[in-house]
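Where a number appears in this text, it was derived from the coordinates with a stated rule and is not lab data. Since the model is a prediction, treat every value here as computed from it, not as a measurement. Glycine gets a Cβ as well: all are built from the backbone with ideal geometry, and neighbour counts include every protein chain shown.
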Amino acid sequence: MLEIFTAAFWEKYGSLLLDGTIDTLIMVVISTIFAYLIGLPLGVLLVLTGDHGIWPHKNLNRVLTWIINIGRSLPFIILMIAIMDFTKLLVGTKIGVRGAIVPLVVSAAPFIARMVETSLAEVDAGVVEAAQSMGASIPQIVWKVYLPEAKPSLVLGGAISVITILAYTAIAGAVGAGGLGDLAIRYGYNRKVPSMMLVTVIFLIVLVQIIQFVFSRVSNRIDKRLK
Amino acid sequence: MSESIIQIQHLNKTFGTGETAVHALEDINLDIRQGEIFGIIGLSGAGKSTLVRCMNLLERPTSGSITVNGQRLAWMEGEKLTTISERELRLARRNVTMIFQSFNLLMQRTCLQNVCFPMELSGLPRQQQRKRAMELLDLVGLRDKADAYPAQLSGGQKQRVAIARSLATDPKVLLCDEATSALDPNTTASILTLLKDLNQKLGVTVVVITHQMSVIEEICSRVAILDGGVIAEQGRVEDIFSNPKTEIGRQLVYPGGVQIDRLHAARVIRIAFNGGSSDEPLIASLAIDCGVKVNILGADTRSIEGKAFGTMLLGLPEDPGDAAKALQYIRSQPNITVEEVENHA
């Protein structure tokens, strides 16, 4: 395994690893963006329509909860295969980076909705009531109270979401999505190149560390409660 | 007598239904006048927070009518409670603002941005928002904290920012929900002084909700005592202080109370000095003029708007003749009311 320190190894696999890393990053970034575009409004709606929300709607809340629970109860690998036809319909392919993004978004969005719900629930109910007492409308409360006040917590939740999506991309690699997970399985496992397994694992660990560090740092920076 | 600004009639609020229903407020009638500082006092659970939340419809009553600043917010149409529309309510709330026990500032905004918040909601241009916000911070003595975040402020400073914020829309009424309950006595005093100043300077009507009689005596001109969702008594603060008519009134005026059953005296009377008469050495004159010695069981004097208001609990002598003589003497004094206290637990 010491061959990972040799030039020959990097000559042979370097470009594969670079492409794999880039593919992984593309999948993570694009899926995260789309998953938040769906999950964030869902999470906000969950809080607004809840029993103690400012726009209580029992039935809507029940339907949302139901959809989100279904989305969260399917393991990613099963969901990915189960919705392959839908994926093909939507992006024209079932495999590769593009094919992976659809199931990644479908799987991560409900997860993110719950993360957002938890973050918004931390916002002091008294502050929301104060905004209401000043005549704030529901959209104003969402944009000017809930989201800004929950921002540090949302960012911390973001780290968890991104890291979860990163883990999913590795699973997607098993069914031809490309990226670091794909390399680990094809080279590290199928072709028995233990060094490739080692390097992909190291890359994944480093990625997770960087993501967590950056998000924690940003969250701390923007949180005015700590000063 | 000035015009009324908040009128509440036959207000009821029930939480839940059926057997588990809780009657938080029952047949509340209030008339708060323009420019006054009105107090609502009660023990916790008496319904005072619910009542004040009805005044801006943060709490929707079950029945009754609420008129604020000449505008009906809620009224009965037949058996059904009707309220103004959401949109109208949002506009009405700019005239009836509120401060809270826990301040409820936006923690991720600076003080200046907090004060700007209600003006942002109403769509005032940014430049004007900032100008007005600085004036208001100046008014509450926190101009230098404009760029500080609430986490950097003391409790008293936070409440000052909250007060500045509540004044941003030029309200007619300021509702204070236990606004000083989380503050120490010195800070409480300074916040109360500020409220009094604002009341005089801006003419804003102030409604104070509290469980502390000291807050009422400090700034209120009239008070309503709420007990178990019902108004037990209401009137001028000095009247209620000098002569509380209900059990709950006495409890609040003499916190800690005097446990009459533990006092060894045959007959106990409560006398009240109704202002200006506290210079007379009553007990001493009683002893000299009638030769009757009474036992002072408890006493309390407060100064309300410069006048002395005091009460004393006196144990009368065992001898019925002496007791009658003492009672007659005290009754003959001007500005003193006397009432006999039943021995009860």
- Task: Could you calculate the FRET efficiency of A:V208 with B:A182 from 1/(1 + (r/R0)^6), where r is the beta carbon distance between them and R0 is 45 Å, rounded to 0.05?
- Result: 0.60
- Query: Per Stokes-Einstein, at 4 °C and 1.567 mPa s, what whole-number D in µm² s⁻¹ belongs to the stretch B:178-228, with the Kirkwood radius over Cα pairs as the hydrodynamic radius?
  - Reply: 112 µm²/s
- Task: Could you grab the relative contact order for the stretch B:60-135? Cα pairs under 8 Å, six or more apart, rounded to a whole percent.
- Result: 15 percent
- Message: Sort B:69-79, B:54-64, B:168-178 by the packing proxy (mean of other Cβ within 10 Å over each peptide's residues), most packed first.
- Response: B:168-178, B:54-64, B:69-79
- Which of the peptides B:46-53, A:99-106, A:195-202, B:124-131 is most tightly packed, and how do the rest follow, going by the mean number of other Cβ atoms within 10 Å of each residue? A:99-106, B:46-53, A:195-202, B:124-131
- Query: How high is the FRET efficiency from A:K192 to B:Q152, r the C-beta distance, R0 60 Å, rounded to 0.05?
  - Reply: 0.50
- Query: How big is the convex hull of the Cα atoms of the protein assembly as shown, per residue, in Å³?
  - Reply: 233 Å³
- Task: At 0.36 nm per residue, minus the direct Cα-Cα distance, what do A:D51 and A:L37 gain on full extension? Give it in nm, one decimal, please.
- Result: 2.6 nm
- With an 8 Å cut-off on Cα pairs and a minimum separation of 6 or more residues, tell me the relative contact order of chain A in percent. 25 percent
- Item | Pairwise label distance in nanometres, A:I67 with B:E26, each label 7 Å out on the Cα-Cβ vector | 4.7 nm
- How many partner chain Cβ atoms sit within 10 Å of a residue's Cβ in peptide B:103-114, on average, as a whole number? 5
- Message: Show log10 I(q)/I(0) for chain B at q = 0.07, 0.09, 0.12, 0.14 Å⁻¹, two decimals, from a solvent-free Debye sum over equal Cα scatterers.
- Response: -0.38, -0.59, -0.91, -1.11
- Message: Can you give me the distance in nm between label points at A:I4 and B:D144, each placed 7 Å from the Cα along the Cα-to-Cβ direction?
- Response: 5.8 nm
- Query: How many Å³ per residue does the convex hull of the Cα positions in the stretch A:94-223 occupy?
  - Reply: 100 Å³
- Cα-based convex hull, chain A, per residue volume (Å³, whole number): 132 Å³
- Message: For the protein assembly as shown, give me the percentage of DSSP beta bridges that are antiparallel, rounded to the nearest 5 percent.
- Response: 70 percent
- Message: Need one value for B:159-169: mean number of C-beta atoms belonging to other chains within 10 Å of its residues' C-beta atoms.
- Response: 1
- Which pairs in the list A:K144/B:K131; B:K158/B:K201; A:K224/B:K158; A:K94/A:K192; A:K224/B:K48 are over 23 Å apart, alpha-carbon to alpha-carbon? A:K94/A:K192; A:K224/B:K48
- Among all the aspartates and glutamates, which ones have a C-alpha under 12 Å from B:K245's C-alpha, if same-chain residues fewer than 8 places away are not counted? B:E233, B:E339
